[in-house]
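Values quoted throughout were computed directly from the atomic coordinates according to the rules given, and no laboratory measurement underlies them. In this text, all values refer to a predicted model and were calculated from it rather than measured experimentally. Don't worry about glycine lacking a Cβ; one is built from the backbone with ideal geometry, like all the others, and counts go over all protein chains shown.
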Amino acid sequence: MKDMRPAGRFLHLYKMGGLTPAIASMFDAQNAQQMAFIRSIMKEQRKNSLYDIPLDSVELVVFDLETTGFSPYNGDEIISFGAVEVHGGDLKEDRQFYSLVNPKRNIPPEIEKLTGITNRMAEDAPELIHALRGFLEFVQNKILVAHGTGHDKHFLNSALWKTSRVQLSHRILDTMMIAKWLKPNLKSYDLDYLLELYGIKITQRHHALEDAVMTARLWSKFMIEIQSRDIATLGDLYSHLSHH
């Protein structure tokens, strides 16, 4: 007789169909569907070779996250996603994504003040798995771009592992790294300084969508300089950045 207690059911489904149905059995049907979608996006992304794509036609999603703190491995959580599409150097203003997230924990007062996201707002927001699925539906297989990607990448990987037991497989470009390559002697590479340097209007900082849009405008400025250096493909750009 098969052991159909939770652990036994998990092992049985793993032997019969692999990890996805086994993990799905531990969640309700809706969350299992979200998880299956997230895992399929990550699997599909690993198949894609993007290095030969011309820079002037590459499809990108510039994104930003707001979080309760700095460490997803010490209990901090995502509280909002913001993203906007860019094709080559052209910002697609009509292609945007924004979602609050219920972090299932208290948002510290200093984060409420910084982001404008209150505990009351977060209580009514989607849970992480639903917001993450919405973000990935928007991204699909496009290249990701962010400013200072370490923070965002850690939180995305934590969210992907927590909800779906996968890791991020999308390529990411870091506008901070690009700025250091293009202008190696600047006194600062934080977003505010670069926005001011390139004459980009600062709208609302520490709002995920507004930060994503401003970073996308910065990317557009960078594209002019990148292409002036005879860098034609995404692979060329990665190659130059890897030597920086």
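GNM on the chain, alpha-carbon springs under 10 angstrom: the most fluctuating residue among Ala232, Ala179, Ala159 is Ala232. Using bins of 10 Å that start at zero, the share of Cα-Cα pairs per bin across segment 49-242 amounts to 9, 37, 36, 16, 3, 0, in whole %. In this simple spin-label model, placing a label point 7 Å from the Cα along the Cα-to-Cβ direction at both Gln140 and Phe37 gives a separation of 1.5 nm.
With a cut-off of 9 Å between beta carbons, the residues surrounding Ile200 carry a summed charge of +2, where Lys and Arg count +1 and Asp and Glu -1.
For the pairs Lys142/Lys180; Lys142/Lys162; Lys92/Lys153; Lys142/Lys221, flag any whose C-alpha to C-alpha distance is greater than 27 Å. Exceeds cut-off: none, every pair is within range.
Taking only Cα atoms and a 10 Å spring cutoff, compute GNM fluctuations for the chain and point out the largest among Tyr189, Tyr198, Tyr98. Residue with maximal mean-square fluctuation among Tyr189, Tyr198, Tyr98: Tyr198. Among beta bridges from DSSP that stay inside the chain, the antiparallel ones total about 70%. Report the residue, chosen from Asp152, Asp56, Asp124, that carries the largest GNM mean-square fluctuation when the chain is represented by alpha-carbon nodes joined by springs under 10 Å. The residue that fluctuates most here is Asp124.
Take each uninterrupted DSSP H stretch in the chain, measure its Cα extent along the helix axis, and return the ones at 27 Å or beyond whose mean Kyte-Doolittle hydropathy is at least -1.0.
Numbers: long enough: 29-47 (28 Å, -0.93); 208-228 (30 Å, 0.34).
Result, helices passing both filters: 29-47, 208-228.
Other residues within the sphere of radius under 12 Å centred on the Cβ of Phe155, judged by their own Cβ, net out at -3 (K and R +1, D and E -1).
Taking a Cβ cut-off of under 11 Å around Ala232, the surrounding Lys, Arg, Asp and Glu residues balance to a net charge of -3, with basic ones at +1 and acidic ones at -1.
Write out the trypsin sites (Lys or Arg not before Pro) in segment 157-231 meeting two conditions: DSSP loop, and at most 12 other Cβ atoms within 10 Å of their Cβ.
Values: sites: Lys162, Arg165, Arg171, Lys180, Lys187, Lys201, Arg205, Arg217, Lys221, Arg229; in loops: Arg165, Arg171, Lys187, Lys201, Arg205, Arg229.
Qualifying residues, ordered by number: Lys187, Lys201, Arg229.
Look at Phe155, Phe70 and count the other Cβ atoms within 10 Å of each Cβ; fewest to most, that gives Phe70, Phe155.
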